[in-house]
Amino acid sequence: MRKITVILCTYNRSQSLAKALESVAASEVPASIEWEVQVVDNNSKDQTRSVVESFCDKYPGRFRYIFEEKQGKSNALNTGITQAHGDVLAFMDDDVLVAPTWLQNLTAPLLQGGWSGAGGRILSQELLMPPRWLALEGPYSVAGMLALFDLGDKGRMLDCPPFGTNMAFLKSVFERHGDFRIDMGPCPGSEIRNEDTEFGRRVMAAGERIWYEPSAVVYHAVPEERLTKQYLLRFWFDHGRASMREAEKKPNVWMIPRWWLTVPKIALTVLPLRTFNWLFALDPKRRFFFKGFVWMTLGQMKEIYNLSTRTSTHLTKADWISRSN
């Protein structure tokens, strides 16, 4: 019999966690399918443990509590993968509510065969009233930065990675392609993310297929402070840093680190063009969108500098060859 493990990593969000667990406890899954919910406490200091243990008592055998002392979401996720009993792993966060049919609909393509992963819709829990400068749809949309993901109501193969709060993979996919990168994902002192999308891109680059299932719906909380320029520009900056960390892991070009080759492109073409589009845009939504791209570019430049300071200027040819392998 196939078994599903839902992995939920949490840190100091006991109130929203309780609501998230209530929603997944109400999942409508056929009796022929075994499933469990595994909560990984990433060293919380609030009432997280007692909340999870109350669900373990209320639903014996359905919920499990795991403690991961080493902070960082990717550390918690990787511990969850290691401890999971299921051969299909579904992921959700501690600030979402899942629809009753979410788990069944998300994992059905994997249980039926032919797909390595699946991702579903992520909608806002509340009706959002964005300021006039912020677009949540259309060409200048920043919905993805609010962890919203909606590709319409027709299922299809994904050409972009799903988001971590509504995705599922066969456990064997992690065995083939590795775990989540621990230099990505929020952790103390850093809000750099992309651990989920980097993994999805890695899987797709290897030729694995991921299905988009619109009927697998979760509802994500979007606090008001996330609808501010300060939050979104900081997110853009960190996104730029994450993109350079991801590029660093790609093969070198003629023994030259790939991220070095981006410096002339950024300095001579990308940054000037994005700055022009920001400063001279008349539409406020377009203006803020390109301002965000400028901040992302600055984040890329910052991370290139960080990477360069870690790279010795006295590498031998053998060192370069080793790095490219």
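Counted as qualifying within region 191-302 are the helices (runs of 4 or more DSSP H) with 3 or more residues that are under 24 Å from residue 178 (Cα atoms), namely 195-205, 229-248.
Applying the selection to region 21-55, what residues are outside any helix (DSSP H, G or I) and free of Cβ contacts under 8 Å to residues at least 12 places away in the same chain? 31 - this is the single residue of region 21-55 that is outside any helix (DSSP H, G or I) and free of Cβ contacts under 8 Å to residues at least 12 places away in the same chain.
Taking the conditions exactly as written (among the hydrophobic types (A, V, I, L, M, F, W, C) and closer than 21 Å to residue 196 by Cα), does residue 7 satisfy them or not? Step through it out loud before you land on a result.
On the way: among the hydrophobic types (A, V, I, L, M, F, W, C): yes; closer than 21 Å to residue 196 by Cα: yes.
For residue 7, the condition - among the hydrophobic types (A, V, I, L, M, F, W, C) and closer than 21 Å to residue 196 by Cα - is met.
Listed conditions (1) under 25 Å from residue 175 (Cβ atoms); (2) among the polar types (S, T, N, Q); (3) in contact (Cβ under 8 Å) with a residue 60 or more places away in the chain are all met by residue 112, apart from (3).
Considering the conditions (1) more than 29 Å from residue 150 (Cβ to Cβ); (2) free of Cβ contacts under 8 Å to residues at least 40 places away in the same chain, residue 18 is excluded by exactly one of them, (1).
Can you name the residue in region 24-56 that is of a type in the set (Ser, Thr, Tyr) and surrounded by fewer than 22 Cβ atoms within 10 Å (Cβ to Cβ) and is also farthest from the chain's Cα centre (by Cα) among such residues? Give the derivation first.
Residues of region 24-56 that are of a type in the set (Ser, Thr, Tyr), as a first pass: 27, 32, 44, 48, 50, 54.
Right, trim to surrounded by fewer than 22 Cβ atoms within 10 Å (Cβ to Cβ) and you get 27, 32, 44, 50, 54.
Working: 27: 23, 32: 30, 44: 20, 50: 27, 54: 28 Å.
Only one residue tops the list, namely 32.
Checking the structure you have, find out if any residue of region 236-251 is at pLDDT 85 or above, under 20 Å from residue 130 (Cβ atoms) and surrounded by 14 or more Cβ atoms within 10 Å (Cβ to Cβ). For region 236-251, residues at pLDDT 85 or above, under 20 Å from residue 130 (Cβ atoms) and surrounded by 14 or more Cβ atoms within 10 Å (Cβ to Cβ): present.
Pull up region 142-187, narrow it to residues that are of a type in the set (Lys, Arg) and either in contact with an Asp or Glu (Cβ under 9 Å, 6 or more places away or on another chain) or not assigned by TED's automatic domain parsing to the domain that holds residue 125 (or both), then point me to the one that is farthest from residue 112 (Cα to Cα).
Restricting attention to region 142-187, the residues satisfying the condition of being of a type in the set (Lys, Arg) are 154, 156, 171, 176, 181.
With the extra rule that they be either in contact with an Asp or Glu (Cβ under 9 Å, 6 or more places away or on another chain) or not assigned by TED's automatic domain parsing to the domain that holds residue 125 (or both), the set shrinks to 171, 176, 181.
Numbers: 171: 15, 176: 20, 181: 29 Å.
Within region 142-187, the match that is farthest from residue 112 (Cα to Cα) is 181.
Within the span defined as region 161-172, one or more residues are more than 13 Å from the chain's Cα centre (by Cα) and exposed (fewer than 15 other Cβ atoms within 10 Å of the Cβ).
When residue 93 is tested against the conditions (1) under 25 Å from residue 183 (Cβ atoms); (2) out of contact with any helix residue (DSSP H, G or I) (no Cβ under 9 Å at 6 or more places or on another chain), the lone failure is (2). Only a single criterion out of (1) of a type in the set (S, T, N, Q); (2) more than 18 Å from residue 91 (Cα to Cα); (3) at pLDDT below 95 is not satisfied by residue 141, namely (3).
Within the set 12, 75, the sole residue that is assigned by TED's automatic domain parsing to the domain that holds residue 215, at pLDDT 95 or above and part of a loop (DSSP other than H, G, I, E, B) turns out to be 12.
Looking at 17, 21, which one is buried (at least 22 other Cβ atoms within 10 Å of the Cβ), in contact with a helix residue (DSSP H, G or I) (Cβ under 6 Å, 6 or more places away or on another chain) and over 22 Å from residue 188 (Cα atoms)? Please lay out each step first, then the result.
On the way: 17 fails: over 22 Å from residue 188 (Cα atoms).
Going through 17, 21 in turn, the sole match is 21.
Can you tell me which residues in region 206-255 are touching a helix residue (DSSP H, G or I) at 6+ places or on another chain (Cβ under 8 Å) and without any contact (Cβ under 8 Å) to a residue 40 or more places away in the chain? Matches in region 206-255: 206, 225, 231, 247, 250, 253. Please find, within region 265-301, the residue that is surrounded by the fewest Cβ atoms within 10 Å (Cβ to Cβ) out of those that are over 24 Å from residue 242 (Cβ atoms) and among the aliphatic types (A, V, I, L, M). Checked region 265-301; the qualifying residue surrounded by the fewest Cβ atoms within 10 Å (Cβ to Cβ) is 282. For region 57-67, a residue qualifies if it is within 10 Å of residue 39 (Cα to Cα) and either not aliphatic (A, V, I, L, M) or not assigned by TED's automatic domain parsing to the domain that holds residue 197 (or both), and the qualifying residues are 63, 64, 65, 67.
The values are calculated or read from the model by the stated rules, or taken from the named source; none is laboratory data. Remember, it's a predicted structure, so these values are computed and weren't measured experimentally. Every residue, glycine as well, gets a Cβ built from its backbone with ideal geometry; the counts of neighbours run over all protein chains shown.
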